[in-house]
Amino acid sequence: MDFGFGEEDEELRGRARAWLAEHLAGPYEEAVGLGGPGSEHEGVELRRAWEHELGRGGWIGQGWDTPDGAYGNRRLSLTGQVVWAEEYAAARAPARVGHIGENLLAPTLIAYGSPEQQARFLPGIALGEELWCQGYSEPGAGSDLAGIRTTAVRDPGDGLHRVTGQKIWTSLAQDADWCFVLARTEPGSKRHRGLSFLLVRMDQPGRVDVRPIRQMSGTSEFNEVFFDGAVAAEVVGGEGNGWSVAMGLLALERGVSTLVQQIGFAAELERVVGAYVAAGACDPVLRERLVRQWAELRTMRWNALRTLGSADGDPGAPSVAKLLWGGWHRRLGELAVAVRGGAATAGPADWAQETPYELGLDEEQRLFLFTRADTIYGGSDEIQRNIIAERVLGLPKESR
């Protein structure tokens, strides 16, 4: 595929740039630059209002496989979606809090959900009115997702499932309206059998308990969530078919969002290079590492474009992409503190304070601490290599 930008793309670029300049003003001027890795706590309420603004402008759900304007969103070509992402990043628009609903749940509902489920949930996502979180990982079932123990029992009275169990590392759970939950609906079932993909409302006092997990960076974007008989409003893909739906969602997780992520990476790299130049450093080793980071980022972009332009798709592409960017971002975090030398190890005067987000870390320190998790969350490197080995290369399964 020739991934070039045509006249329509450039016309869109002008419209997107003008819209962002007009709307990132007034009350939203304070939202510029908020959020991002390690800073998800910043301006959550303002960024949530920004989701409504994006929804009113039709900028949510551009890549959904639905008719143009069906849910108040505009359909864009692949190149058009990249144009929007580039302009969004260039304007330093706030980090999205609706990512999980737009890029994970919505495509899954389009692929596996009923027309009624699509009509119920897609408009709320497209208008930025309903935020979602993902209930997959558990304390004993993170990378090994098939080992989940959260259960859901159908109530014979109303026919709805009651969910009981614990999920962990649930991003944005403290702000989400809904959670899609993978739970065991067949008693006695094991591994990937007997699972269902459920939609659970978060506002159920006494039945859903969200407890933030404070990290060493001082932020708490991850949470543990406890379900105690929480009502599941819907089952997506049919009862017992949860594993297929869950795996389908993971396959849909990458895509243009990978390119959006790389645009943010480029801005972070530029900041680190700027710090190196400002320090008047002449360390040839650090210089070589910075050049390598730049070259690897360009390579990741070309790989992402190649993958997106593949007509037949590549079953190993999501795992390859995760391996590439996870390691790259972690190395960038290391570089961020390395270019500052000993000054990067200096913390605030009082490390013992208990107020969240008040550790006094600067951007480079926060980047370093956050990126320690890049090769773990979203599927660890070991899991990604197993997927490539078994599902792409056809190697024997790893012995248990």
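The values are calculated or read from the model by the stated rules, or taken from the named source; none is laboratory data. Note that this is a predicted model, so its numbers are computed, not measured. Here Cβ is always computed from backbone atoms with ideal geometry, including for glycine, and neighbour counts include all displayed protein chains. Note: areas computed on protein heavy atoms with side chains; ligands, DNA, RNA excluded. Shrake-Rupley method; radii C 1.70, N 1.55, O 1.52, S 1.80 Å.
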Report task. In nm, give the distance between the simple-model label positions of Ala146 and Val291, each being 7 Å from the Cα along the Cα-to-Cβ direction. Result -> 4.7
**Report entry** Distance in nm between pseudo-label sites at Ala111 and Arg391 (7 Å out along the Cβ direction from Cα)
**Finding:** 0.9
**Report entry** Residues in the range 5-41 reached by a label modelled at Arg74 [backbone nitrogen below 16 Å; 7 Å Cα→Cβ]
**Finding:** 6-24
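Figure the gain on full extension for Ala279 and Ala344 (residue separation times 0.36 nm, minus the Cα-Cα span) and round it to one decimal in nm.
Extra length from Ala279 to Ala344 when fully extended: 22.1 nm.
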Requested in this report: Could you calculate the FRET efficiency of Phe5 with Thr299 from 1/(1 + (r/R0)^6), where r is the beta carbon distance between them and R0 is 22 Å, rounded to 0.05?
Outcome: 0.65
Query raised in the report: Which of Leu104, Tyr88, Ala183 sits closest to the plus end of the dipole of the chain, meaning its Cα is farthest towards the positive end, when Lys and Arg get +1 and Asp and Glu get -1 on the C-beta?
Result: Ala183
Query raised in the report: Relative contact order, percent, of the range 60-128 when contacts are C-alpha pairs under 8 Å separated by at least 6 residues?
Result: 43
Query raised in the report: Please state the relative contact order of the chain as a whole percent: Cα pairs under 8 Å, 6+ residues apart?
Result: 14
Query - Kirkwood estimate for the range 54-160, i.e. one over the average of 1/r between Cα atoms, Å - result: 15.9
Requested in this report: Report the extension gain between Gln204 and Glu29 in nm, rounded to one decimal, defined as 0.36 nm multiplied by the number of residues separating them, less their alpha carbon distance.
Outcome: 59.6 nm
Report task. Can you tell me how much longer the chain between Ala49 and Tyr377 gets when fully stretched, taken as 0.36 nm per residue apart minus their C-alpha distance, in nm with one decimal? Result -> 115.3 nm
Query raised in the report: Setting aside same-chain residues fewer than 8 positions from Lys322, which aspartates and glutamates have a Cα under 12 Å from its Cα?
Result: Glu253, Asp374, Asp381, Glu382
Report summary line: Computed over the chain: longest principal axis from alpha-carbon atoms vs helix 7-23 long axis, angle to nearest 10 degrees, is 90
Report task. Choose one of His192, Ala230, Ser114: the residue whose Cα lies farthest towards the positive end of the charge dipole of the chain (beta-carbon charges +1 Lys, Arg; -1 Asp, Glu; about the Cα centre). Result -> His192
Query raised in the report: What 222 nm value per residue comes from the helices of the chain, counting each DSSP H run with n ≥ 4 as -39,500 (n - 2.57) and dividing by all residues, nearest 500 deg cm²/dmol?
Result: -13000 deg cm²/dmol
Query raised in the report: Spin-label point model (7 Å from Cα, Cβ direction): what's the Glu129 to Ala233 distance in nm?
Result: 1.1
Requested in this report: Whole number in Å², please: accessible area per residue of the range 121-263, 1.4 Å probe, ligands, DNA and RNA not counted.
Outcome: 40
Report task. Could you look at the chain and say what percent of its accessible area is carbon and sulfur, using a 1.4 Å probe and all protein chains? Result -> 54
